[in-house]
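Worksheet for the structure shown next.
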Amino acid sequence: MGYAKERGKLEKLLRIVGLNTYDEKSFAALVDTHEKYSHTVRILKNKEPETFGDLYKNELEEVKISRKAVKDADSDETRQSTFIAYKETLLRALNNTIQATNETL
């Protein structure tokens with residue numbers, strides 16, 4: 001089964017690589033990417049649960065926890081470091097899911 005359409009959606013989300021400084025606009029961009037990733041990985045999980053079920057359950061949960069850490073940060077310094085961690089977690093999840101779509105050709 002090919003997943004070119006979903007892979008294309010995920011690859012477009014990699015645009016967040018350049019976000020390195022926390023501000024409301026950058027955080028909103030990460031949240032938007034997170035929501036789009038969540039939707040796409042849910043579609044993949046429904047199509048092929050054996051391949052994408054763990055990604056949906058584990059990767060998405062890690063991203064949710066990272067997002068909450070940014071929201072709960074109590075200082076600018078902490079918010080900046082958790083923002084970078086959120087971005088890195090989201091990028092890792094995107095890359096792992098893209099890799100899984102490539103391996104299920």
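At-a-glance table
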quantity	calculated
Environment charge of Val17, counting only residues whose C-beta is closer than 11 Å and scoring Lys/Arg +1, Asp/Glu -1	+1
Exposure ranking of Glu11, Glu24, Glu6 by accessible area [1.4 Å probe, largest first]	Glu24, Glu11, Glu6
Nearest-20 debye value, the chain charge dipole, Cβ charges on Lys, Arg, Asp, Glu	400 debye
Solvent-accessible area of Ser81 with every protein chain in place, 1.4 Å probe, in Å² to the nearest 10	70 Å²
At 0.692 mPa s and 37 °C, Stokes D of region 3-104 from Kirkwood alpha-carbon radius, µm² per second	239 µm²/s
By accessible area with a 1.4 Å probe, ligands and nucleic acids excluded, highest first: order of Ile84, Ile65	Ile65, Ile84
Gain in span if fully extended, Glu61 to Asn20, counting 0.36 nm per residue against the direct Cα distance	12.5 nm
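The values are calculated or read from the model by the stated rules, or taken from the named source; none is laboratory data. Quick caveat, the model's predicted, so the values are computed rather than measured. As a convention, Cβ positions derive from the backbone with ideal geometry for all residues, glycine included, and neighbour counts pool all protein chains shown. Surface accessibility is based on the protein's heavy atoms, side chains included, excluding ligands, DNA and RNA. Shrake-Rupley method; radii C 1.70, N 1.55, O 1.52, S 1.80 Å.
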